[in-house]
Amino acid sequence: MNPSFISLDWGTSSLRATLVSAEGGMIEASLHAICSDWIDQFGCPIVASGMIGSRQGWVEAPYLDCPATPAAAAQAFTTLSISNKVDMHIIPGLRCGSGASMVDVMRGEETQIWGADVEPVSVCILPGTHSKWAFVGEQSRITRFATYMTGELYGLLTKHGILGRLMEFGVTDNEAFARGATLGLNHPSHATHVLFAARTAGLMGEEHPSGLPDYLSGILIGLEVASAMATENVNDKRPVVLIGDDDLCWRYDAVLQLAGLQSVRARDAATIQGHVRVAKEAGIVVCESA
């Protein structure tokens, strides 16, 4: 294996390091288990994205304004030396909007979008703690995006709020999820009122305690999809591209179908492929087949 660089993906709740060869081969491992050995053995640079460049990360990397392309990101690396041995290049996060409306930011999702290699004029959804709806033009240019705190709200409401007190966890209830999603889709302008249904449905015996977690999940994703359809000019002219975790993408696909929209899944390993794409633009990977 002839390694070109180490791909480092630092998410809100996960960290993954992958050794990427010039020929496209990959070896994946946790950072602490093997990354230091790779640095010693191969001395290749690191290309990183995600929360490592946030204010809570290793060093704050400035945001790149939208519209943004992989080529622009490659020219805006934040670079630091690791143990005086190799350089780490941090891909900038993106910023869109203005003080006159609302400023939005992302870190890491831009790399996934560029690695997914979506078609021009695509709408991408990246489910997660902070779900992103991103709009992509020619040359993978991310023109704008919007953040929905759906995953974080679910965690807070189930673990630290009254809604979680009636819930039993560990069982998947797809029917309860669909009922919640329908409720959320139908009442996007009454979000805080509709959320209380995740309590009253349990109190009135309309939903079993084991179904309440999925019922709430459906409500939240339904509210998100309905809001995005109303404010982000999303329509049924072409499928929405889902990028991310299989279970979360399944949930979003189910809600999109209830809303009359179709979706397609992006290719696997989008983050690593995004690192390869930006690394090529920066001259770190020079071969055509990486």
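The values are calculated or read from the model by the stated rules, or taken from the named source; none is laboratory data. Not measured: the values here are computed from a predicted model. With ideal geometry, Cβ positions are generated from the backbone for all residues, glycine too; neighbour counts draw on all protein chains shown. Ligands, DNA and RNA are stripped out before the accessible areas are found, and what is left, the full protein with its side chains, is counted by its heavy atoms. Shrake-Rupley method; radii C 1.70, N 1.55, O 1.52, S 1.80 Å.
Laid out as a table, the results:
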item	result
Hits in the range 247-290 (condition: among the small types (Gly, Ala, Ser), within 14 Å of the chain's Cα centre (by Cα) and modelled with pLDDT under 90)	269
Within the range 76-134, considering residues that are of a type in the set (Gly, Ala, Ser) and assigned to a strand (DSSP E or B), the one nearest to residue 280 (Cα to Cα)	81
Pairs, first on the phi > 0 side of the Ramachandran plot and of a type in the set (Phe, Trp, Tyr) in the range 1-25, second at pLDDT 70 or above and open to solvent by less than 10 Å² (accessible area, probe 1.4 Å), C-beta under 9 Å, six or more apart	none
Selected residue (only one of 266, 282, 230 is under 30 Å from residue 77 (Cα atoms) and either exposed (fewer than 15 other Cβ atoms within 10 Å of the Cβ) or touching a Cys at 6+ places or on another chain (Cβ under 9 Å) (or both))	266
Elements of type helices (runs of 4 or more DSSP H) in the range 194-290, at least 3 residues being in contact with a Pro (Cβ under 8 Å, 6 or more places away or on another chain)	212-231, 246-258, 270-282
Residue selected from the range 168-194 under the condition touching a helix residue (DSSP H, G or I) at 6+ places or on another chain (Cβ under 7 Å) and among the charged types (D, E, K, R), by the criterion farthest from residue 249 (Cα to Cα)	168
Residue within the range 193-205 that is within 24 Å of the chain's Cα centre (by Cα) and either without any contact (Cβ under 8 Å) to a residue 12 or more places away in the chain or surrounded by 19 or more Cβ atoms within 10 Å (Cβ to Cβ) (or both) present	yes
Residue under evaluation residue 189, criteria (1) modelled with pLDDT of 95 or more; (2) more than 18 Å from residue 125 (Cβ to Cβ), criterion not met	(1)
Hits in the range 21-54 - residues which are modelled with pLDDT of 85 or more and open to solvent by less than 30 Å² (accessible area, probe 1.4 Å)	44, 46, 47, 48, 49, 50, 52, 53, 54
Which listed residue is open to solvent by 50 Å² or more (accessible area, probe 1.4 Å) and either touching a Leu at 6+ places or on another chain (Cβ under 9 Å) or without any contact (Cβ under 8 Å) to a residue 60 or more places away in the chain (or both), from 102, 106, 88	102
Cβ pairs under 6 Å, 6+ apart, first in the range 147-176 and in a strand (DSSP E or B), second open to solvent by 40 Å² or more (accessible area, probe 1.4 Å) and of a type outside the set (Asp, Glu)	147/130
Every residue from the range 113-146 that is open to solvent by 20 Å² or more (accessible area, probe 1.4 Å), among the polar types (S, T, N, Q) and within 23 Å of residue 254 (Cα to Cα)	129
